[in-house]
Each structure stands twice: as structure tokens, then as C-alpha cells.
Amino acid sequence: MFKHYKMRKRYPDVKIGRHSQVSKDTTIGAHSYIGLNCFVTKAQIGRYVSIGNFASIGNGEHDLNRVSTASMFYDNGYDVLTKGDCIIEADVWIGVDAIIRRGVRLGHGCVVGANSFVNKDIPPFAIAVGSPAKIVGYRFDDAETRDAILASHWWEKEPDAARAIIEKLEADLGLSGSPA
């Protein structure tokens, strides 16, 4: 099910670090990167996503309601273990050593802190940290700002067009555009 990622033909605009493993049934949007030594199983990853080193996304989960948790007793172990969509929307930043549980949705522009364990959905632009991850704030405090960014759909554009939209949003919304 897994291949060391040298599938440049499949994802020409995606960078995947050494020793990372990505299942063949994972989709990855353009201009995203996956750091070193990551493990990604059956996930839908949006465009412009940044995944730090050693992250684990959508690992298999054993069925605790069965007599045995051993997957050798499942008719189709992979399907049972990977039940539940793992969706990462566009422009998400996942920190080093983060674990994203099966069935979780990470909203557009959210941030998952390093060493966090995410076991429930994170809304757009939220900053979630800890184990289990808790929302500690938002990248933009103003809901109107968040709504304007979401309405722009800049992540659907190629980098030059996306940059122009982002620069206009930053000017219109009074955002600095400088790194945090």
C-alpha cells in the first residue's frame, strides 16, 4: 500500500521529504510539501499545505468493539483500519511530530502545533496545540477577515495569481503580510 515517494509524475508540484511514506490512495494538492520521515495514510490533502517532519496523518485505527483488536481477524484489514476520511483543506500548516487521527477534518488555513495529537475537527484558521489538541486562538481574530479570505478561494489559483490575490487581501484587510 505504501511507496517511498518518488512519484513526481503523479504529483509534479508537490515536495515529499526523504523517508516519508504516502499511501497510494492519498491525494495531494499542488504546491504542498510533506517533510522528512512522515507517514500519510488514505488522506485528502489540499493545495499549499505544509506538513512538518515526522508527522503522522490518518494512521490505521483498530476496532475496539471487536473481540480481538488484531487486524489478522479482519476480512479486509486495510479498509477496516483506515475507515473514516482524513481531510486536510488548503493552506494548512501541520507542525513537526503532529499526529492527525483518522476521520478528522482540518479547515482551511488552520495551524496544528508541533507534537500535537488531533482527534477532532479543527475549523478554518484555528490554531490548535497539545495532546489532545485544543484550540488556543485563531490566526485572524475578526470573523469578517476569515470570511473574506475564505471567499477569495486564492488556493485554487497558481502561485502568481494566488500571490496577487493574497497581496490585495492583505492591503484591503490591513494585514501586515510579515512572518509571525
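Table for the structure above
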| item | result |
| --- | --- |
| Selected residue [of a type in the set (K, R) and within 30 Å of A143 (Cα to Cα)] from R47, R66 | R47 |
| Total residues in the range 115-131, condition in contact with a Phe, Trp or Tyr (Cβ under 6 Å, 6 or more places away or on another chain) and surrounded by 15 or more Cβ atoms within 10 Å (Cβ to Cβ) | 2 |
| Residue list for the range 89-121, restricted to those being of a type in the set (D, E) and closer than 13 Å to A55 by Cα | D97 |
| So D91, is it among the acidic types (D, E) and either touching a Leu at 6+ places or on another chain (Cβ under 7 Å) or surrounded by fewer than 17 Cβ atoms within 10 Å (Cβ to Cβ) (or both) | no |
| Selection from the range 96-141 of residues that are on the phi > 0 side of the Ramachandran plot, small (G, A, S) and not in a strand (DSSP E or B) | G103, G109 |
| Residues (touching a residue at least 24 places away in the same chain (Cβ under 8 Å) and surrounded by fewer than 17 Cβ atoms within 10 Å (Cβ to Cβ)) located in the range 98-114 | A114 |
| Top-ranked residue in the range 64-86 [being in a helix (DSSP H, G or I) and open to solvent by 80 Å² or more (accessible area, probe 1.4 Å); ranked as nearest to V40 (Cα to Cα)] | M72 |
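The values are calculated or read from the model by the stated rules, or taken from the named source; none is laboratory data. Since this is a predicted model, take the numbers as computed values, not measurements. Ideal geometry is used to build each Cβ from the backbone, glycine not excepted, and the neighbour counts take in all protein chains shown. For accessibility, only protein heavy atoms count, side chains too; no ligands or nucleic acids. Shrake-Rupley method; radii C 1.70, N 1.55, O 1.52, S 1.80 Å.
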